[in-house]
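Worksheet for the structure shown next.
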Amino acid sequence: MNSELKIPEGLEKIERDQFATFLDTTPNEKTMQFALLGIGITDYGIEYNPQVDSEKWIVEKNSRQDHSSNQKQGAVSQSMHKGDPCFVFAEAGRDKLNYRTHILDIDIWKGKDGVYPADLSDGKLVITKYMGDKATIEYDLYYEGDSIKGSVSFANGVPTFTPSAD
């Protein structure tokens, strides 16, 4: 390694279990009922699907880009577990259009003193495949509009979301 390059000290690897996603399983009620997304799921990530518009001015050789929005979504392939609230909620939406939920994403790795930064988003759950050889349910979660920034604290494993003041 080049002796001029120095790796910063104190690096700490972030593991996947230091993130959490919860779904609101009662989105039509006044009080959100969050269930942990993850049982029977081996991989989940948020695809940002950036919307980038290009425009080439006649006085320039290269185009200009405007990153105007993100079309966030996550794909879930979940083995079915009877009694898992997220599976029960997803399965109930098999033949429904515009099946709404709220999605709560928490960065546990950034937390301090039992309070964790979080984003709350309106969302839709769309079933893409049901059953199959391995008894799975597959669905996409679509994040809608701007998320609400805030924080989460837990009581008995249940998250309570508090929006940021600003």
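The values are calculated or read from the model by the stated rules, or taken from the named source; none is laboratory data. What you see is a predicted model, and the numbers here were worked out from it, not measured in a lab. For neighbour counting, all protein chains shown are included, and Cβ atoms are generated from backbone atoms with ideal geometry for every residue, glycine included. Note: areas computed on protein heavy atoms with side chains; ligands, DNA, RNA excluded. Shrake-Rupley method; radii C 1.70, N 1.55, O 1.52, S 1.80 Å.
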Of the residues in the stretch 135-154 that are small (Gly, Ala, Ser) and either under 18 Å from the mean Cα position of the chain (by Cα) or closer than 15 Å to Asp105 by Cβ (or both), the one that is least open to solvent (accessible area, probe 1.4 Å) is Gly150
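Of the residues that sit in the stretch 5-31 and are aliphatic (A, V, I, L, M) and assigned to a loop (DSSP other than H, G, I, E, B), which one is least open to solvent (accessible area, probe 1.4 Å)?
Taking the stretch 5-31 and keeping what is aliphatic (A, V, I, L, M), we get 5, 7, 11, 14, 20, 23.
Cutting the leftovers down to assigned to a loop (DSSP other than H, G, I, E, B) gives us 5, 7, 11, 14.
Values: Leu5: 109, Ile7: 102, Leu11: 128, Ile14: 72 Å².
My answer is Ile14.
From Ala75, Ala92, which residue is open to solvent by less than 70 Å² (accessible area, probe 1.4 Å), without any contact (Cβ under 8 Å) to a residue 60 or more places away in the chain and either closer than 30 Å to Asp133 by Cβ or aromatic (Phe, Trp, Tyr) (or both)? First the steps, then the outcome.
On the way: Ala75 fails: without any contact (Cβ under 8 Å) to a residue 60 or more places away in the chain.
Only one candidate passes the filter, namely Ala92.
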Within the stretch 42-70, the count of residues that are in a loop (DSSP other than H, G, I, E, B), within 25 Å of Ile127 (Cβ to Cβ) and in contact with a strand residue (DSSP E or B) (Cβ under 6 Å, 6 or more places away or on another chain) comes to 3
Looking at the stretch 121-134, which of the residues that are within 18 Å of Gly38 (Cβ to Cβ) and at pLDDT 95 or above is surrounded by the fewest Cβ atoms within 10 Å (Cβ to Cβ)?
Ser121
